[in-house]
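Structure first, commentary second.
The values are calculated or read from the model by the stated rules, or taken from the named source; none is laboratory data. Fair warning: this is a prediction, and the values are worked out from it, not measured in the lab. Glycine also receives a Cβ, built like all others from the backbone with ideal geometry; neighbour counts cover every protein chain displayed. Heads up: the accessible areas ignore ligands, DNA and RNA and are worked out on the full protein's heavy atoms, side chains in. Shrake-Rupley method; radii C 1.70, N 1.55, O 1.52, S 1.80 Å.
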Amino acid sequence: MGYRENKIPNSPSTVFNIGSVTKQFTASAILKLVEQGKIKTSDKISLYYAQTPIDKREITIHQLLTHTSGISERTGGFRYDEASKEQFLIEFFESELQSKPGTKYQYANANYIMLTSILELISGQTYSSFLNDYLFEPSQMKSTGYKSITFNTERLAHGYYYDRNDEKWTDWGTTQQHLPYNNKHWYSIGKGDIHSTIEDLYKWHVALKDDVVLTSKTKEIQETPYVAENDEMTSYYGYGWAIFQSDRDTKIVAHNGSNGLYFTDFVRFTEGDVVVIYITNAFLGSGSENVAQEIGKMIFDSNYRATPISKNVYELIHEFMKMNPSVNAEKLPDFLKKELNYEFNDHAVLNRLGYSKLKKEDKPDWALELFKLNVKLFPEDGNLWDSLGEAYLKYNKMEEAIMSYTKAVELGNEGSKETLNELLKKE
């Protein structure tokens, strides 16, 4: 039974999946082992795994923590598919590196899954029990955990997503229902899917500030900007935290995370003793990603006015289609610009909606108009011309279909050649 269905309001003790905010817990656990003298960040993974192949022997704990190991973001499977630890390790060791270890920043979940494996190996504890003993209990966090969640499930926020085929918001359920029940969760562990509350994350912030869990020296090491995350060099990665400057040139230590349904942002203004913790269980789009940063601006500038968050883009377009006949399709971009507060520039949105309408419409209507509008907006995208060709074909508009597929081929869309040749043969 969903939250919305039962009208259970959100509160500071509601439990959410915090996504990649998990990474700073994993990093803190590794640093706890450093404090205990059991491990060094300069240690190479070959020290712990005899089976490490030559290309990965030089990878260090530091490189795993900072996403500079060279491992690909594609290593490891879909987060909620079953995978044993052994299976993950085989995939990690057999994968092709994207860059030489230590040379390049590339955010990849596999780094943090590997750290979790090392944590369990060195501590002789499970990930969950180690975090409980050394991070959560000392911080008095009673509602934070990975899978072993013991409290009333009514407190678990369900994830919601806008279903563009059914044209409505849909209850995804809770992460616990999607993660494997056994301990074969090695595509998910350590890099995401810890559960927590606003209250508990605030307690964690206080525990970090007061050096309850990690010494001030360790915290300094954790919050050091080691490697640039972007070409502009405006944001850096530490150990499980991103580090950048505010508009007032003060230090911000932050991390966000999402599994596509939940979204969390944890933003610590370390010099101003301000923290903004934001969690949602319905992801609306880029506007809903910036809430914590916007609140930060409002705290420090009383004149700052944030722009309202718009609805999900698919939901907006469905509203427009309900209110307008398809001949009004060219008014859609202006409507979107007004509602979204930014220039609409996503090639995929109208394409996806076109296909979901194409299944439902027997004669030319919105599906065709969406595909036509999309090539008007992005005329250089061959894939969109291919989609338009498909729509024309469905409605037996042969001439237009040939023209669209020809355009797709001209723009380098290889897949369109075969269809075009078949149509030309029939002509």
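List of remarks:
- Test result for Arg79, charged (D, E, K, R), over 18 Å from Ile189 (Cβ atoms) and touching a Phe, Trp or Tyr at 6+ places or on another chain (Cβ under 7 Å): no
- Ser143 vs. criteria in contact with an Asp or Glu (Cβ under 7 Å, 6 or more places away or on another chain) and of a type in the set (Gly, Ala, Ser): yes
- Candidates in the stretch 9-37 are the residues that are over 26 Å from the mean Cα position of the chain (by Cα) and in contact (Cβ under 8 Å) with a residue 40 or more places away in the chain; of these, the one that is most open to solvent (accessible area, probe 1.4 Å) is Glu35.
- Subset of the stretch 341-369 (residues that are among the acidic types (Asp, Glu), under 17 Å from Lys394 (Cβ atoms) and out of contact with any helix residue (DSSP H, G or I) (no Cβ under 6 Å at 6 or more places or on another chain)): Asp362
- Residue tally, condition over 30 Å from the mean Cα position of the chain (by Cα) and among the polar types (S, T, N, Q), over the stretch 317-370: 3
- Ile277 over 30 Å from Asp193 (Cβ atoms), among the β-branched types (Val, Ile, Thr) and open to solvent by less than 60 Å² (accessible area, probe 1.4 Å): no
- Pairs, first outside any loop (DSSP other than H, G, I, E, B) in the stretch 125-145, second basic (Lys, Arg), C-beta under 6 Å, six or more apart: Tyr134/Lys32
- Selected residue [hydrophobic (A, V, I, L, M, F, W, C) and without any contact (Cβ under 8 Å) to a residue 24 or more places away in the chain] from Ala228, Ala306, Ala282, Ala292: Ala306
- Among helices (runs of 4 or more DSSP H) entirely within the stretch 11-97, having at least 2 residues that are among the hydroxyl-bearing types (Ser, Thr, Tyr) and at pLDDT 95 or above singles out 22-35.
- Listed conditions (1) surrounded by 21 or more Cβ atoms within 10 Å (Cβ to Cβ); (2) among the small types (Gly, Ala, Ser); (3) out of contact with any helix residue (DSSP H, G or I) (no Cβ under 6 Å at 6 or more places or on another chain) are all met by Gly124, apart from (1).
- Subset of the stretch 371-404 (residues that are of a type in the set (Phe, Trp, Tyr), assigned to a helix (DSSP H, G or I) and either surrounded by fewer than 19 Cβ atoms within 10 Å (Cβ to Cβ) or more than 32 Å from the chain's Cα centre (by Cα) (or both)): Tyr392
- Residue, surrounded by the most Cβ atoms within 10 Å (Cβ to Cβ), within the stretch 58-113, restricted to residues that are without any contact (Cβ under 8 Å) to a residue 60 or more places away in the chain and on the phi > 0 side of the Ramachandran plot: Gly70
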